[in-house]
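The values are calculated or read from the model by the stated rules, or taken from the named source; none is laboratory data. Source: prediction; values computed, not measured. Reconstructed Cβ throughout: ideal geometry from the backbone, glycine too, with neighbour counts over all protein chains shown. Accessible surface areas use protein heavy atoms only, side chains included; no ligands, DNA or RNA. Shrake-Rupley method; radii C 1.70, N 1.55, O 1.52, S 1.80 Å.
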Amino acid sequence: VLALDDRYLLLSGYDHNLYMFDRKTTSFVTPPQAWVSSTYNDSEGVFMKDKEDRIWISTYGSGLFVQQQQYAHFIKHPLSGDIQDICEYNDHIYACNTDGKLIQIQPTGKQSEFSFLLKNEAGNPTRANKLHIDHQNRLWILSRNELHYFSASTGQVHAWNPSFFTKEA
């Protein structure tokens with residue numbers, strides 16, 4: 001769910017289509033035709049609005065879509081794979097996917113990939129599910145059984161280590 005403004009919410013249904021909810025009339029309304037014609041029925045329901053008011057939609061299997069102007073068509077970003085989550089962090093867009101990658105999209109559109117390996121309790125690879133920025137402006141990558149963080153200064157993804165949070169006496 002994404003609040004588009006004070007009135008409308010953008011949602012994705014179990015059928016993977018886009019929907020808009022009008023909070024004023026408490027009813028569903030048809031999304032703009034440009035949105036319907038430029039998206040497809042593969043939305044995973046992970047939406048984000050960046051500081052430039054562009055809407056980003058992640059998908060399972062079809063990559064990432066971005067809207068360049070309000071009510072304009074969504075454009076497929078040249079990013080493939082099963083995108084689990086997206087966020088804006090330090091003036092870049094970040095996406096995590098099921099292949100164990102953190103993808104950085106720079107304002108110029110250039111991409112960088114930061115690979116990391118997430119494993120479940122049995123030691124088998126698992127996927128990244130969620131990105132989170134904490135109150136100290138750290139980017140966290142969460143899976144079902146592991147936690148990683150991205151170091152913007154080194155450009156590396158690290159497994160969480162409890163000593164990272166130890167205060168010095």
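How much accessible surface does PHE65 have with a 1.4 Å probe, in Å² rounded to 10?
That residue has around 20 Å² of solvent-accessible surface.
Whose amide H sits under 5 Å from the amide H of LEU147, counting only residues 5 or more places off or on another chain, with H placed in the peptide plane?
Placed amide hydrogens put TRP160 under 5 Å from LEU147.
Could you sort HIS148, HIS135 by their accessible area in this structure, using a 1.4 Å probe and putting the largest first?
In descending accessible area the options line up as HIS135, HIS148.
Amide H of GLY63 versus every other amide H placed in the peptide plane: which residues, excluding those fewer than 5 positions away on the same chain, fall under 5 Å?
For GLY63, the qualifying residues are GLY81, ILE83.
Using a 1.4 angstrom probe on the protein heavy atoms only, could you order TYR8, TYR19 from most to least accessible area?
From most exposed to least exposed: TYR19, TYR8.
Which FRET efficiency value, to the nearest 0.05, do you get for HIS135 and THR30 by plugging their Cβ-Cβ distance into 1/(1 + (r/R0)^6) with R0 = 22 Å?
E between HIS135 and THR30, to the nearest 0.05, is 0.05.
Please list, in chain and number order, the residues 5+ apart from TYR89 or on another chain whose amide H is under 5 Å from its amide H, with Hs placed from the backbone.
Those lying under 5 Å, H to H, from TYR89 are TYR94.
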